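Reviewing the structure listed below.
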Amino acid sequence: MRSLLTLASGCALLAACATQSIVTLQEHPKATARDLEEVTAVLKRDFRERGQAKLSRIELDDVQRVCNLHADNPPAELARPLEEAQLKAIPIPNGELIGDWKRGERIAQSGRGSMWTDKAGVQDGGGCYNCHQLSPKEAAFGTIGPSLAGFGKTRGSNREMQQYAYGKIYNAKAYNLCSQMPRLGHAGTLNEQQIKDLVALLLDPASPVNQ
Amino acid sequence: MRAVACSALIALTLAPQSASAQKSQYEEYQRMTAASAPVELFELAGEAAWKKRQGPKNASLEQCDLGQGAGVLKGAYAGLPRYFADADRVMDLETRLLHCMMTLQGRSRDEATKRVFGSADQASEMEVLSAYVAGQSHGMPMRPGKDHPKEKAAYLLGQKLFFHRAGPWDFSCASCHGDEGKRIRMSDLPVLYKPQHVQPLMATWPAYRVSTSKIVTLQWRMNDCYRQMRMPEPVFGSDTTVALLTFMTQTAEGVQYRGPAIKR
């Protein structure tokens, strides 16, 4: 795990870019603990659960709390222990982490999953193209996250890189506490096989991402 | 209109090109479709809904006070959201219309909000009413209420809500609308707390959306953003939705209203 963390910080990949964008927002105000209490109470009063979107989703966890209190730019002494705790909780599977890039491409294309209009656990997507460039064949890609075109080509696909890609998709906050990227495994949107298929999309030399 | 939209769509699905070339094609597509908006049809339907007697009191909405006096429609939308003493809260257009349905027509909240968001086949009563009322502020500067303490409080709450990250995907409004020059897929993302970004938007809602063939309102926009943020569902007309709309409309203050418009 330690080596994973080192690798991640050395890579300066998806994570770094995601924070930078927020840091530049000078007008982005920090919330106070009282603000968070007030807003959470307002949301609980004003929202109704629907389908899989239960009211428990309004409760903040420690990561969200710290990011809200520090306008997504918490001091390192607060961020590090939380990142480490998130990292420790990632269940990296044993064995091969590279699944099927073709299935991965479908998962990356789908923006569905975890909404009140989605059936839980059915055809959930990663929504990857909403924010990232991946396959150069897909012209409709978002730019909230960095381009991942050629991801595996430049980084290789050894076990460490597989673990990093798997971990980053499972819980991006383990590498950059206030990243805008959802914690897709941690949130229960994607399962182990789906994440492996996305790792393949990123790392498999045959994947269109690496052409 | 459909033929124009189709040929524009076909043009867009041609082989991959540079992002800037695609962007200008989108702008051309928006320009072409804007010239033939069917918004007037919805406004006509809205006028009929405004004058229709219904509910336990068998009354129309013609005496509804939208902030400029009972029954005054001219410029009413451009003055919203604002504080209403009779309800002792800030209301946006749709929340106020709901209030009038309940008070003037005697309808229950459940009945009046049963189908606030319509379909491509059939717009909702709320949607056509919104188009009708908003159309009568066309060309006027938007001046939402901002002096009453509750208007100030709504703005502040809206600002806090805008940046508040929560839910399984850790999203706030600012996750998508907080940074310049970003897009989701091919859609440019406006930075919704900056006047120059939010003005052209507030100036054009409610709107006819070509991609879904539906008239869409700001309450729908709030609802659908929270859906995509993976949050539970905000209650129609709740303080949360009104506060966000107050925050954005006050930020856009002064822009000339040019809706109901057409969107991609």
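Any read-out appearing in this document is the output of simple, stated calculations on the displayed coordinates, not a laboratory observation. Since we're looking at a predicted model, the values are computed, not measured. Reconstructed Cβ throughout: ideal geometry from the backbone, glycine too, with neighbour counts over all protein chains shown.
Modelled this way, with points 7 Å down the Cα-to-C-beta line, the labels at A:Ser110 and B:Lys74 are 5.5 nm from one another.
As a rough footprinting exposure proxy, the listed residues B:Lys194, A:Lys137 were ranked by other beta carbons within 10 Å of their own, and the order from fewest upward is A:Lys137, B:Lys194. Of the residues B:Val39, B:Val128, B:Val235, the one that moves most in a GNM of chain B with alpha-carbon contacts below 10 Å is B:Val235. Assuming R0 = 45 Å, can you tell me the calculated FRET efficiency for the pair A:Glu160 and A:Arg34, based on Cβ-Cβ distance, to the nearest 0.05? The pair A:Glu160/A:Arg34 has a calculated efficiency of 0.55. Cβ-Cβ distance of B:Lys150 and B:Arg115, R₀ of 30 Å, FRET efficiency by 1/(1 + (r/R0)^6): the value works out to about 0.55. Legend: ranking of residues B:Leu129, A:Leu36, B:Leu156 from fewest to most surrounding C-beta atoms inside 10 Å; resulting order B:Leu156, A:Leu36, B:Leu129. Summarising the label geometry, the points placed 7 Å from Cα in the beta-carbon direction at A:Ser147 and B:Asp88 lie 5.8 nm from one another. Does region B:128-168 come out rounded, prolate or oblate, given a ≥ b ≥ c as the square roots of the eigenvalues of its C-alpha gyration tensor, rounded meaning a/c under 1.5 and, failing that, prolate meaning a/b above b/c? In terms of gyration-tensor shape, oblate.
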